[in-house]
1. Under 5 Å between amide H atoms, partner at least 5 residues away or on a different chain: which partners does residue 295 have, H built in plane at 1.01 Å?
2. Would you please state which residues of segment 87-106 a label at residue 157 would reach in this model, taking the label point 7 Å out along Cα→Cβ and a backbone N cut-off of under 13 Å?
3. Identify the chymotrypsin sites (Phe, Trp or Tyr not before Pro) of segment 175-240 meeting these criteria: DSSP loop state and at most 11 other C-beta atoms within 10 Å of the C-beta.
4. Compute the distance from the alpha-carbon center of segment 30-73 to that of segment 272-316, in whole Å.
5. How big is the Cα convex hull of segment 241-333 in projection, averaged over all directions, in nm²?
6. Relative contact order for the chain using alpha-carbon pairs under 8 Å, separation at least 6, rounded to a whole percent?
7. Based on the alpha-carbon set only, what is the convex hull volume of segment 324-405 divided per residue, in Å³?
8. How large, in percent, is the carbon and sulfur part of the accessible surface of segment 49-171 at a probe radius of 1.4 Å?
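The values are calculated or read from the model by the stated rules, or taken from the named source; none is laboratory data. Please read all numbers here as calculations on a predicted model, not as lab measurements. Cβ sites come from the backbone with ideal geometry, for glycine too, and all protein chains shown count toward neighbours. Ligands, DNA and RNA are stripped out before the accessible areas are found, and what is left, the full protein with its side chains, is counted by its heavy atoms. Shrake-Rupley method; radii C 1.70, N 1.55, O 1.52, S 1.80 Å.
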Amino acid sequence: MYVSDLALNDFRSYDELVLALDPGPTALIGPNGQGKTNLIEAVAYLSTLSSHRTGADTALVRRGAPGEPQPAGAVVRARVLHGERPSVLEIEIVAGKANRARLNRGGVRPRELLGMLRTVVFAPEDLALVREEPGIRRRFLDDLAVALRPSLAGVRAEHDKILAQRSSLLKSARVARRSGGVPASMISTLEVWDAQLAAAAARLIAARIDVVIRMRPWVAASYERVSEGRSVARLAYRSSLLDHEGGSQSDLADEAARDAAEAGLADAAATAARLESAMTQLREREIDRGTNLVGAHRDDLALFLDALPARGFASHGEQWSLALALRLASYEMLRHDVDAYGGDGEPVLILDDVFASLDARRRTALVGVVSEAQQTLLTAAVDEDVPDELAGARLRVSGSRVSRG
């Protein structure tokens, strides 16, 4: 799988661009602020329908110069090849309205583009996967789950919608209680939302568990590769449901305890029943606090180096190695997904200004993977930041103009 052609209209800093791309490595080289990252962001957006840099689609629409009319939207098009079979993907990002999509020039729902192009993006900001709050790691798992099974995008969207509606109802119930009492009708409505949220959350949790199990050997192997075997990387799913039920999760580095916990959560029907029961038990506390206290939205991906949690115990270098291992493992997992396009599910590997941040050992390890990829798009400020081993195409980016050389 690779992108052979990319076209942009009013996307970020580009008013208009048509660009041919080759398989193998392509380096986009130029000073900061010239539009390199905007190019790879466009490719990744077609893959996930979201940006790795911003949560607001309106930021993706080019801003006109003072005195010029502002563009109403942006368009990203790409020709993607799976073996010899081409597909043309198009997404129109409409400011303030629902986005529109086309596949092979026919109108489709944007969600139908998911799975047609797979990407794995690694950027310096990925240190947040190790350092920052659980929401970043939940999104990481959910993005991979959708990449494996695009139909899960609907489950994810449904879960988020139900979660927001139930949260609003809990806030209303809290106000009602302070005003004299929660009406019985409100409790009945809350019970309906309990069942719906439990069902959606259980499916999302089961999909995350599947990702964790698939990823585990790839993370261990990738970390060993980039760290020269100085410690062993482990991961486990940390569940708010198990916390509520009293299950100990302090020992998730213990493989037997970890596997037993995950096996129980992988049964979506059973997990839904357990979640609904937990919501019933937590109802008074949830109303008092006006928030959802258990479910997929409060879970986490636990990362360990040997038996110690990486967050808090890993050095800066170890955190870099682990973040890199998570992205490389994502790439390997998707590349080996035999259910995708007859085995041609290999993602486009996108490296945004990564080599300048890595020491020699990690650069060498990353080059070993990149050299095997069907297509890699990487950005760098100067030629020296592109390893000599990546002797592919080099494009110069200046003022949102791209030239070869």
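1. HN-HN under 5 Å from residue 295: 240, 241.
2. From segment 87-106, the list is 98-101.
3. Values: sites: 193, 218, 223, 237; in loops: none.
The qualifying sites: there are none.
4. 34 Å
5. Values: hull surface 31.3 nm².
Dividing the Cα hull surface by four gives the mean projection, 7.8 nm².
6. Numbers: 730 pairs, mean separation 102.1, N = 405.
Taking the mean separation of contacting Cα pairs over the length of the chain, I get 25 percent.
7. On the way: hull volume 9.2 nm³, N = 82.
Cα-based convex hull of segment 324-405, divided per residue, equals 112 Å³.
8. Numbers: 3060 of 6020 Å².
Percent of accessible area from carbon and sulfur atoms in segment 49-171: 51.
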